[in-house]
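Asker: Before we start, here is the structure in question, set down as structure tokens.
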Amino acid sequence: MSDLLKRNLLVISQKAKLIELTDEYRVRDEEGNDIGYIREEGQSTLKKAARLLTDLDQFFTHRLAMYDKDGTKVVELLRPRNIMKSRVEITDGEGRPVGVIVQQNVLGKKKFGLQSATGEQLGRVNAENWRAWDFAIEDMTGQEVGRITKKWAGLLKEGFTTADNYVLEITGQVSDDLRLMMLGSAAGVDLALKQDER
């Protein structure tokens, strides 16, 4: 089992870029040590050019993969193109379907269902504000078991780059599949949870 699946606190930092064509993130522990990375995979040159020249990102299919520091794939996210509501398919590092993150509303604070591969409700991710920077993660009983929070990188950096920093904190007992869904939610926070603001 990957060390990333045993940790209850992960810091996900988007690599700072003036122009964002490929999503890349560092995964760190609470002391700031690099323990993994996330990268967007499967982009063609044409898609990169379209991302540079247009604002059509939500109409493209995106694939992100999280790897531990040894280069072992831990979780993969696939967000098919969408128009209104986002849907992200989550698989483990070996390609086993784990579940789906499904956007439940379009207006107001974002709400997402976490469903197993068989459609069973595993939990929810709820934005705590309209800007969708902080999220509470609940299990299927409604008990909060984690949080995803945005951490500011500094005013100057925020003003000139598209870099974001998020912290995933798991605070309750969760099943292996819910843990993978929580990792996927944190890895894809810009991809799925904030897709309207891209």
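Asker: In the neighborhood of Leu122, defined by Cβ-to-Cβ distances under 13 Å, what is the net charge if each Lys or Arg adds +1 and each Asp or Glu adds -1?
Answerer: Here the count lands on -3.
Asker: Also: Calculate, for Met1 and Arg81, the FRET efficiency according to 1/(1 + (r/R0)^6) with r their C-beta to C-beta distance and R0 30 Å; round to the nearest 0.05.
Answerer: 0.35
Asker: Subtracting the Cα-Cα distance from 0.36 nm times the residue separation, let me have the gained length for Glu128 to Glu24 in nm, one decimal.
Answerer: 34.9 nm
Asker: Multiplying the sequence separation of Asp176 and Gln143 by 0.36 nm and subtracting their Cα-Cα distance, what value in nm do you get?
Answerer: Full extension of this stretch gives 10.2 nm more.
Asker: Ok, one more. Apply 1/(1 + (r/R0)^6) to the Cβ-Cβ distance of Val106 and Ala136, taking R0 = 25 Å, and write down the FRET efficiency to the nearest 0.05.
Answerer: For Val106 and Ala136, the calculated efficiency is 0.80.
Asker: For the residue pair Ala117 and Asn8, what label-to-label distance in nm results when each label sits 7 Å from Cα along the Cα-to-beta-carbon direction?
Answerer: That separation, rounded to one decimal, is 2.8 nm.
Asker: Which residues' amide hydrogens lie under 5 Å from the amide hydrogen of Gly99, considering only partners 5 or more residues apart or on another chain, with H built in the peptide plane?
Answerer: Counting only residues 5 or more places away or on other chains, the set is Ile90, Ala117.
Asker: A further question on this structure: Lys and Arg at +1, Asp and Glu at -1: add these up for the other residues within a Cβ distance under 13 Å of Leu183 and post the number.
Answerer: Combined, the nearby Lys, Arg, Asp and Glu give -3.
Asker: A further question on this structure: Hey, can you grab everything whose amide H is under 5 Å from the amide H of Ile35? Only 5+ residues off in sequence or another chain; H modelled, so Pro and N-termini drop out.
Answerer: Val27, Arg28, Asp29
Asker: Give the accessible area for Lys73 in Å² (nearest 10); use a 1.4 Å probe, count only protein heavy atoms, and leave out ligands, DNA and RNA.
Answerer: 60 Å²
Asker: Given R₀ = 22 Å, FRET efficiency for Glu41-Arg96 by Cβ-Cβ distance, to 0.05?
Answerer: E(calc), rounded to 0.05, equals 0.80.
Asker: Let me ask you something else. At 25 °C and 0.890 mPa s, grab the translational diffusion coefficient of segment 95-141 from Stokes-Einstein with a Kirkwood Rh over Cα pairs, rounded to a whole number in µm² per second.
Answerer: 220 µm²/s
The values are calculated or read from the model by the stated rules, or taken from the named source; none is laboratory data. Bear in mind that the values here come from a model prediction, so they are computed numbers and not experimental data. Ideal geometry is used to build each Cβ from the backbone, glycine not excepted, and the neighbour counts take in all protein chains shown. The accessibility values were calculated without ligands, DNA or RNA, using every heavy atom of the protein model including side chains. Shrake-Rupley method; radii C 1.70, N 1.55, O 1.52, S 1.80 Å.
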